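The values are calculated or read from the model by the stated rules, or taken from the named source; none is laboratory data. Just so we're clear, the structure is a prediction, and the values are computed from it rather than from any experiment. Because the Cβ atoms are built from the backbone with ideal geometry, glycine has one as well, and the counts that use them run over all protein chains shown. The protein model used for the area step is the full one, side chains on, heavy atoms only, and it has no ligands, DNA or RNA in it. Shrake-Rupley method; radii C 1.70, N 1.55, O 1.52, S 1.80 Å.
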2 protein chains.
Amino acid sequence: MSKFNRRSDEYGGSLENRARFWLEVIEQVREAVGDQCAVTSRLCVDTLNDNPLGIRAAEEAYRFIELGDHLVDFWDLQAGGWVAAEWAGDDAVASRFAGEFSHREYIEAVRPATRKPIAAVGRFTNPDTMAEAIRSGVIDIIAAARPSIADPFLPQKIEEGRYDEIRECIGCNICASRFGQGAPIVCTQNATLGEEFRRGWHPERFTQASNAEQTVLVVGAGPAGMECAMVLGKRGLSAVHLLDEQDAIGGCIRAISAYPHLGEWGRVTTYRQVQLDKLANVEIVPNTRLDAHGVLSYGAEIVVIATGARWRADGMNGPTQSPIGGAEHDFVYTPEQVSSVSGEIDGEHVLVYDTDGYFTAVGMAEMLLAAGKRVTVLTPFANFASFMFFTGEAFRVNRELRAQGVEIVPLHVLSEITPDGLRGQNVWAPEPVEWQADAVVLVTQREPQDALYHELRAEPERLAREGIEALYRIGDCLAPRTIAENIFDGHRLAREIDTADPSNPLPYLRELPYVDVDRDRAIAATAASGS
Amino acid sequence: MSKFNRRSDEYGGSLENRARFWLEVIEQVREAVGDQCAVTSRLCVDTLNDNPLGIRAAEEAYRFIELGDHLVDFWDLQAGGWVAAEWAGDDAVASRFAGEFSHREYIEAVRPATRKPIAAVGRFTNPDTMAEAIRSGVIDIIAAARPSIADPFLPQKIEEGRYDEIRECIGCNICASRFGQGAPIVCTQNATLGEEFRRGWHPERFTQASNAEQTVLVVGAGPAGMECAMVLGKRGLSAVHLLDEQDAIGGCIRAISAYPHLGEWGRVTTYRQVQLDKLANVEIVPNTRLDAHGVLSYGAEIVVIATGARWRADGMNGPTQSPIGGAEHDFVYTPEQVSSVSGEIDGEHVLVYDTDGYFTAVGMAEMLLAAGKRVTVLTPFANFASFMFFTGEAFRVNRELRAQGVEIVPLHVLSEITPDGLRGQNVWAPEPVEWQADAVVLVTQREPQDALYHELRAEPERLAREGIEALYRIGDCLAPRTIAENIFDGHRLAREIDTADPSNPLPYLRELPYVDVDRDRAIAATAASGS
């Protein structure tokens, strides 16, 4: 790509010259490994942007593959990646923008250039899509990064025909987000990711709980509740009831997966629905809302409250640590109110105020656009959807929403809502600023729906009298956070439901056993050593 | 602070109520520890902002200290801190904004409220300031965080009267910056910080080099060169010559410490000047510029090239990976050109284009303001001086420069400079945007001044013939980066000048010895274990 290669010697200029360094490296690798090891090369065949200096699959990439075809045993091809200094996220594209094997056309364009097998990623999770990609001859080897993160046993499950047990990647890219946050990787779907050694969690193996004779009531079938009930079921608890006031499980996922472009996030629910249906000891109880009395008299020995969170209607927000004056006006909406009518609220011009920075405000803007509204987004962050720089979504979200007419006003705080106008200020300057809109959506912060938990907890004698031996809360109902964190929370409680104090996580295994994990022995050793 | 405490029970409302939780905690701590342990409490006595709901030293803090005075053995007092969701950096204020003990007036305001001793931080590095603070009765105990990071032996050096050996904190806050970056702490002044165990580096102890009979020529007396020569001197190399073409040592620090408000950064040079002057085996050779022939015939056995970097004049920059058209016009300046005339360049209105994000563009804007210019800052970042959010400087820099009339245009790329105007675009939208200015300062990126190194390296036989056994490069001349990283680089080479391959850092000690470090044995064991 002459955009970056400005050499004027034999390594710059013509394609042959620009390919020379790579060719020489691969030649030397071949010489070094001989017949002992296959040699491949990851190649971006198309940079997917409008820049005239970018690589095009049918042009330079085609000729490049021809030049190097005798050197590799197979090719590892993909499209997209870093464009100058920005990670636009197209190489590991979020499900918001594309489905499985979205780079297909670029691989097809170079297929005739090679007589070697081609491996390609494409967030493959569906065995049918994989089989079709192979049978059609476009590629020869399925590569999977994110799908393996969500389910490291993906290949084995396909081999054994256990298709309905595949824990499918939802394409949220929370995994990739952790690089930029300097934090260990996590996965929305797979709570065991990164916990294999330090907590001794195998992704597919669950030990029988030592208190398996007990019965459990899980109140709330959102991400934390579903995961907790599923893992408790796999650990053999005698009876697990998963209650929800809605007519199906899913909790907040039901509304979120109905946001524009987030349909694949529904896999959080469908995977768990299928697994829960297989567990004879778990019963889903829909359309049921219990008050404290109902929980007390339900007959369960362990009660897990997973009643979630709601967006605050008063505009309470982090940047000012205050509610927003006038939030009680009837033209001011919460995200739940907007999504319950699919954006069809009163008024033509809607201002979305976002102090959250993640997908909710984007969902609101897109839902309102789809409902024909004119949309302005106001945010104290320096960019809209700032958390999405971590997930590789922010670049396209910012560009595409602008292209669709959304006005974005960064670096401003909203402080007062009146029927005559909206008042606030630039975060760097004291002068007041005014805006006009017919309606306002407040995406500020969520609050736990923990009244039931606190009511039950206030009377320990009454719990004891009714035979309730333990009361826990998990997920957003403890503290509003990401879906991944809530699923982890439900999983963690169920994995440790038979420890001395399930409310508090066990310490990490301090000495990492690289070969096999004998968790109990390691914990005992850690305890014995006095630390 | 009623801004955050909205309780209506006995823990909210009046000051007595709001203090209750804290008082009860300290009471219980006292009961728990009895006479076995002193009890103190860190208290922010003034929030230092204009918010009418903030804490004022003379008001609520005074009464709060009276309420709790019987409970503590001494007080740990400071001012400033988090204001709502932003870390304005006033609690660990950068030297850009304040000198030693800048919270003095707030401590003085509460002094009469207590009969107990007071400890306070204040980036104390000067024994005279400390003595005055104690003698005046304002405080009783000197607390030091950043000064201890820069020199963990600060108290011992004072006790022993070794004042000129104190490695004074420069108040750059690069240490604090690492929290937000999710990276291990570093210090501009103290290269051994965080390396005590994993590299076995004691801050004050240096082993005699096994090649101590050799002679060394260090070309370039900037941060990397000064540090390298100093550590080589302490390791007993027979003769170390530190050359510079300027009339004194310091390199880039000389210009940087002349930027407005960065005077304390000059301690990088003064500390090393004093130590170098004490080392009989190190000679500083100023006013000397050597070409390759001069180096070859100098007579040294080891040559270290530390010739630094320069700002590119062509506008080459990260965001577009391209130079900027028209950068060759005579009204376009580099930072070195601007600072060489203290901002007194031609033209009334100057546009500073910043793709660097750190202190250089801030220095340019302030220097130009001081020279009476009207200043516009253009940057593709979403905020000006975006790296300074990590160092706690960005909030004040952004607010104060605006208040001084600097126009800040974030989220824009500059792509072409012509005498008729400057052209670019918003990073989120393709439409062209134009600006006018009389002069342009390009703060885009730096390039190594490595011609001398490459010329020497190209002829290994000639080096050998002249008796040069080793050639190294360090600092910006290898890769432009922070001052802390350059000092580390020079220090690292000198610490490892007698290893098998000084160009490459030794591996970390993999097993951490908590009691004593036997580095050689640990390295041998690591090597023997085959990893």
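Of the residues that make up the stretch A:385-395, is at least one open to solvent by less than 60 Å² (accessible area, probe 1.4 Å), within 13 Å of another protein chain (Cβ to nearest Cβ) and part of a loop (DSSP other than H, G, I, E, B)? Yes, some residue in the stretch A:385-395 is open to solvent by less than 60 Å² (accessible area, probe 1.4 Å), within 13 Å of another protein chain (Cβ to nearest Cβ) and part of a loop (DSSP other than H, G, I, E, B).
Please pick out the residue among B:V433, B:V375, B:V440, B:V413 that is assigned to a strand (DSSP E or B), within 12 Å of chain A (Cβ to nearest Cβ) and either of a type in the set (A, V, I, L, M) or open to solvent by less than 40 Å² (accessible area, probe 1.4 Å) (or both). Write out each step before concluding.
Details: B:V433 fails: within 12 Å of chain A (Cβ to nearest Cβ); B:V375 fails: within 12 Å of chain A (Cβ to nearest Cβ); B:V440 fails: within 12 Å of chain A (Cβ to nearest Cβ).
After applying the criteria, what remains is B:V413.
Residue by residue, here is whether (1) in contact (Cβ under 8 Å) with a residue 60 or more places away in the chain; (2) out of contact with any Ser or Thr (no Cβ under 8 Å at 6 or more places or on another chain) holds:
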position: B:A370; (1), (2): yes, no
position: B:R402; (1), (2): no, yes
position: B:L414; (1), (2): yes, yes
position: B:Q449; (1), (2): yes, no
position: B:H454; (1), (2): no, yes
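Scanning for something touching a helix residue (DSSP H, G or I) at 6+ places or on another chain (Cβ under 8 Å) and of a type in the set (D, E, K, R), does the stretch A:300-319 turn up at least one residue? Within the stretch A:300-319, one or more residues are touching a helix residue (DSSP H, G or I) at 6+ places or on another chain (Cβ under 8 Å) and of a type in the set (D, E, K, R). Tell me yes or no: at least one residue of the stretch A:210-224 is within 28 Å of A:R310 (Cβ to Cβ) and in contact with a Cys (Cβ under 6 Å, 6 or more places away or on another chain). Yes, some residue in the stretch A:210-224 is within 28 Å of A:R310 (Cβ to Cβ) and in contact with a Cys (Cβ under 6 Å, 6 or more places away or on another chain).
Identify the residue in the stretch A:318-338 that is of a type outside the set (F, W, Y) and touching a Pro at 6+ places or on another chain (Cβ under 8 Å) and, among all such residues, is nearest to the other protein chains (Cβ to nearest Cβ). Applying the filter and picking the extreme gives A:P319. Within the stretch A:457-479, the set of residues being closer than 25 Å to A:P505 by Cβ, in contact (Cβ under 8 Å) with a residue 40 or more places away in the chain and part of a loop (DSSP other than H, G, I, E, B) comprises A:I468, A:E469, A:I474. Within the stretch A:274-288, residues that are at pLDDT 95 or above sit with their Cβ atoms under 9 Å from residues that are open to solvent by 40 Å² or more (accessible area, probe 1.4 Å) and in a loop (DSSP other than H, G, I, E, B), at 6+ positions apart or across chains, in these pairs: A:N281/A:S238; A:P286/A:E245; A:P286/A:Q246; A:P286/A:D247; A:N287/A:E245; A:N287/A:Q246; A:N287/A:D247; A:T288/A:E245. Residues that are among the hydrophobic types (A, V, I, L, M, F, W, C), buried (at least 16 other Cβ atoms within 10 Å of the Cβ) and assigned to a loop (DSSP other than H, G, I, E, B) within the stretch A:480-511 comprise A:I497, A:L506, A:L509, listed in sequence order. Could you tell me whether A:G89 is part of a loop (DSSP other than H, G, I, E, B), without any contact (Cβ under 8 Å) to a residue 60 or more places away in the chain, touching an Asp or Glu at 6+ places or on another chain (Cβ under 7 Å) and more than 14 Å from every other protein chain (Cβ to nearest Cβ)? No. Among the residues of the stretch A:443-457, those that are within 14 Å of chain B (Cβ to nearest Cβ) and surrounded by fewer than 18 Cβ atoms within 10 Å (Cβ to Cβ) comprise A:Q445, A:E447.
All of B:R423, B:R396 fail the test of being of a type in the set (D, E, K, R) and within 24 Å of A:F384 (Cα to Cα), apart from B:R396.
Every residue, every condition in (1) among the acidic types (D, E); (2) surrounded by fewer than 17 Cβ atoms within 10 Å (Cβ to Cβ), yes or no:
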{"residue": "A:G99", "(1), (2)": "no, yes"}
{"residue": "A:I107", "(1), (2)": "no, no"}
{"residue": "A:T114", "(1), (2)": "no, no"}
{"residue": "A:I134", "(1), (2)": "no, yes"}
{"residue": "A:I141", "(1), (2)": "no, yes"}
{"residue": "A:I149", "(1), (2)": "no, no"}
{"residue": "A:E159", "(1), (2)": "yes, yes"}
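Just one of the listed residues (B:E31, B:E66, B:E59) is open to solvent by 10 Å² or more (accessible area, probe 1.4 Å), more than 35 Å from the chain's Cα centre (by Cα), closer than 14 Å to B:A113 by Cβ and at pLDDT below 95, namely B:E59.
Restricted to the stretch B:416-430, and to residues that are over 14 Å from B:H329 (Cβ atoms) and not aromatic (F, W, Y), which residue is surrounded by the most Cβ atoms within 10 Å (Cβ to Cβ)?
Only one residue tops the list, namely B:G424.
I'd like to verify a number: residues in the stretch A:422-453 that are of a type outside the set (K, R) and closer than 16 Å to A:G315 by Cβ, how many?
Going through the stretch A:422-453 one residue at a time, the tally reaches 13.
Scanning the stretch B:1-28 for residues that are open to solvent by 50 Å² or more (accessible area, probe 1.4 Å), in contact with a Leu (Cβ under 8 Å, 6 or more places away or on another chain) and within 14 Å of chain A (Cβ to nearest Cβ) returns B:M1, B:S2. Taking the numbered list (1) among the charged types (D, E, K, R); (2) away from chain A (no Cβ under 14 Å); (3) in contact with a Lys or Arg (Cβ under 7 Å, 6 or more places away or on another chain) in turn, B:E469 passes all entries but (3).
Out of the residues in the stretch B:416-430 that are over 16 Å from A:P410 (Cβ atoms) and in contact (Cβ under 8 Å) with a residue 60 or more places away in the chain, state the one that is farthest from the other protein chains (Cβ to nearest Cβ). Residue satisfying both the conditions and the ranking: B:P419. Looking at B:T360, B:T391, just one residue is of a type in the set (S, T, N, Q), under 20 Å from B:G315 (Cα atoms) and in contact (Cβ under 8 Å) with a residue 12 or more places away in the chain, and that residue is B:T360. Here's a check for you: in the stretch B:162-179, which residue that is at pLDDT below 95 and open to solvent by less than 60 Å² (accessible area, probe 1.4 Å) is nearest to B:Y106 (Cα to Cα)? It comes out as B:A176.
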